[in-house]
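J.: One structure is given below, represented as structure tokens, and several questions about it will come after.
Nothing in this text is a laboratory measurement; each read-out follows from the coordinates by a stated rule. Not measured: the values here are computed from a predicted model. For neighbour counting, all protein chains shown are included, and Cβ atoms are generated from backbone atoms with ideal geometry for every residue, glycine included.
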Amino acid sequence: MLFRKRVYKIPPEMADDFNHYFNRFVHPVQMKYGAKLVGRWTNEGKTEVTAIWQYAGLSHYEEIQKHVAADPLSRREREECIRVGLDLSMVLVEEEFIGKSIDE
């Protein structure tokens, strides 16, 4: 089993828009291809959002990401960000993989 931990560092004034973006685009398209969201937390200051995703292994993760990148919802997500003025370049992302992949 492989876990991917992503920490999004955001300006606090972006918290509501970022949460809407995550719930409307990121979560559904990841789930559609088999990723499992283990948990998601926002700190009290609304400056960090942590998400932990579960995969069967590295090849499972890579396959999901390939499908996510090609999914029409991913393209709409980028268009929606532009439309509502959500500047994702203001979001810093730290990513870490935890656990052992069964396919390695």
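J.: Any idea what % of Cα-Cα pairs in the range 2-98 are farther than 16 Å?
T.: Above the 16 Å cut-off, the range 2-98 has 57 percent of its Cα pairs.
J.: Where in the range 13-71 are there GluC sites (Glu not before Pro) that are in a DSSP coil and have at most 16 other Cβ atoms within 10 angstrom of their Cβ?
T.: Loop-located and lightly packed - 44.
J.: Report the residues of the range 10-51 in range of a label on residue 98: point 7 Å along Cα→C-beta, backbone N strictly under 13 Å from it.
T.: 38-41, 50-51
J.: Could you work out how far helix 58-70 tilts from the main Cα principal axis of the chain, as a 0 to 90 degree angle to the nearest 10?
T.: 40 degrees
J.: Under a GNM of the chain (C-alpha, springs under 10 Å), which listed residue has the highest mean-square fluctuation: 84, 49, 68?
T.: Of 84, 49, 68, the Gaussian network model singles out 84 as fluctuating most.
J.: Taking a label point 7 Å from the Cα of residue 65 along the Cα→Cβ vector, which residues of the range 19-36 have an amide N closer than 16 Å to it?
T.: Output list for this probe position: 30-31, 33-36.
J.: Then there is this: Please report how many Lys pairs in the chain have alpha carbons closer than 25 angstrom, counting only residues at least 8 apart along the chain or sitting on separate chains.
T.: Within the chain, the lysine pair count is 14.
J.: Which of 70, 92, 45 sits closest to the plus end of the dipole of the chain, meaning its Cα is farthest towards the positive end, when Lys and Arg get +1 and Asp and Glu get -1 on the C-beta?
T.: My answer, from the dipole projection, is 70.
J.: Could you give the size of the charge dipole of the chain about its Cα centre, using +1 on the Cβ of each K and R and -1 on the Cβ of each D and E, expressed in debye and rounded to the nearest 20?
T.: It works out to roughly 260 debye.
J.: Does a label point 7 Å from the Cα of residue 56, set along Cα-to-beta-carbon, have any residues of the range 1-43 with amide nitrogen under 13 Å, and which are they?
T.: Residues 1-2, 34-36 qualify, since their backbone N sits under 13 Å from the label point.
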